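See below for the structure under consideration.
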Amino acid sequence: MEVAFSSAGGQVEQLVWEQAVASVGFEELAPVSAFPVVPGRRWGPGWWWSASSGRHVVHGSVAMRTQLMVLDRDPAVRGLAGRPVRSVWRDEADGRARSWVPQLFARYADGTGLFADCPSAPGAGGTGVQRAGAVLEAACARVGWTYRRLEPLPAVVETNLRWLAGYRHPRYQGAPELQAAVVEAFGVSRPLFDGAVSVGDPLQVLPVVYHALWSGQLVAGLDESLHGGSLVCVPAAGGPGHGPGAGIGMRDGE
């Protein structure tokens, strides 16, 4: 398998897969092909500001934006890119050249990578999509990376994460003394609003609480609607730092 990508100078380059893995920063690449704009569709391409890298990442669908949100919240992720490469290979069954552009790439802190597609519904895509996924999965496995189809989140989890994502920017983390007070207030599990009020003015404290929930300093069950009575606490020692239902998008085995 080979991969084609746009270089910093805007030229398309193509390298053998293993060579590209060792030498190319996929998370730094612009999309190898544009996201389509479909007339009449309510949703078009957009940009996601990544808290992991401090950069904007292009996306082309609601499903893709949701998975960017999930990956951006993973503390192991250090970089994200939308459609950075086109994979090219020859089909062993009929000898024909095939290609596929995976929708997302995530770079982890240990240097490994994740290529992913973001179906809008479970099981979406035909046999061609499934074959392409199998090829990418095998290629990634050869170099210790991962390919996954990131299935849609439950609606409640997605809504909660979208709310917390609104507080992902560092400007919401608060001064160090306020951060410490918020974490101390939830040293034992207690309702979200009660804990915030115990620290100070809710208008100042709640954004810090929501940022702490986004970043994993605090946890709450996200499989139910987040509200003032939701129980919030400091994560257990050695825990992932993210509440139930929010770990989707992490690597296999984590």
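The helices (runs of 4 or more DSSP H) found wholly in the range 125-217 and carrying at least 1 residues that are more than 26 Å from the chain's Cα centre (by Cα) and crowded, with 21+ Cβ neighbours inside 10 Å occupy 176-185, 192-199, 202-215. Test Arg83 against the stated conditions and say whether it is closer than 27 Å to Leu164 by Cα, open to solvent by 30 Å² or more (accessible area, probe 1.4 Å) and not aliphatic (A, V, I, L, M). Yes, satisfied. Of all residues in the range 61-114, those being among the hydroxyl-bearing types (Ser, Thr, Tyr) and more than 17 Å from Trp47 (Cβ to Cβ) number 4.
List the residue pairs whose Cβ atoms are under 9 Å apart, where the first residue sits in the range 48-76 and is farther than 13 Å from Glu158 by Cα and touching a residue at least 12 places away in the same chain (Cβ under 8 Å), the second is open to solvent by less than 30 Å² (accessible area, probe 1.4 Å) and among the acidic types (Asp, Glu), and the two are 6 or more positions apart or on different chains. From residues that are farther than 13 Å from Glu158 by Cα and touching a residue at least 12 places away in the same chain (Cβ under 8 Å), the pairs are Trp48/Asp72; Trp49/Asp72; Ser50/Asp72; Ala51/Asp72; Ser52/Asp72; Ser52/Asp74; Ser53/Asp72; Val57/Asp72. Filtering the range 3-57 to residues that are outside any loop (DSSP other than H, G, I, E, B), of a type outside the set (Gly, Ala, Ser), surrounded by 18 or more Cβ atoms within 10 Å (Cβ to Cβ) and in contact with a Phe, Trp or Tyr (Cβ under 8 Å, 6 or more places away or on another chain) leaves Val3, Phe5, Val21, Phe26, Glu27, Val57.
The values are calculated or read from the model by the stated rules, or taken from the named source; none is laboratory data. All values derive from a computational prediction rather than experimental measurement. Every residue, glycine as well, gets a Cβ built from its backbone with ideal geometry; the counts of neighbours run over all protein chains shown. Surface areas here come from the heavy atoms of the whole protein model, side chains and all, with no ligands, DNA or RNA. Shrake-Rupley method; radii C 1.70, N 1.55, O 1.52, S 1.80 Å.
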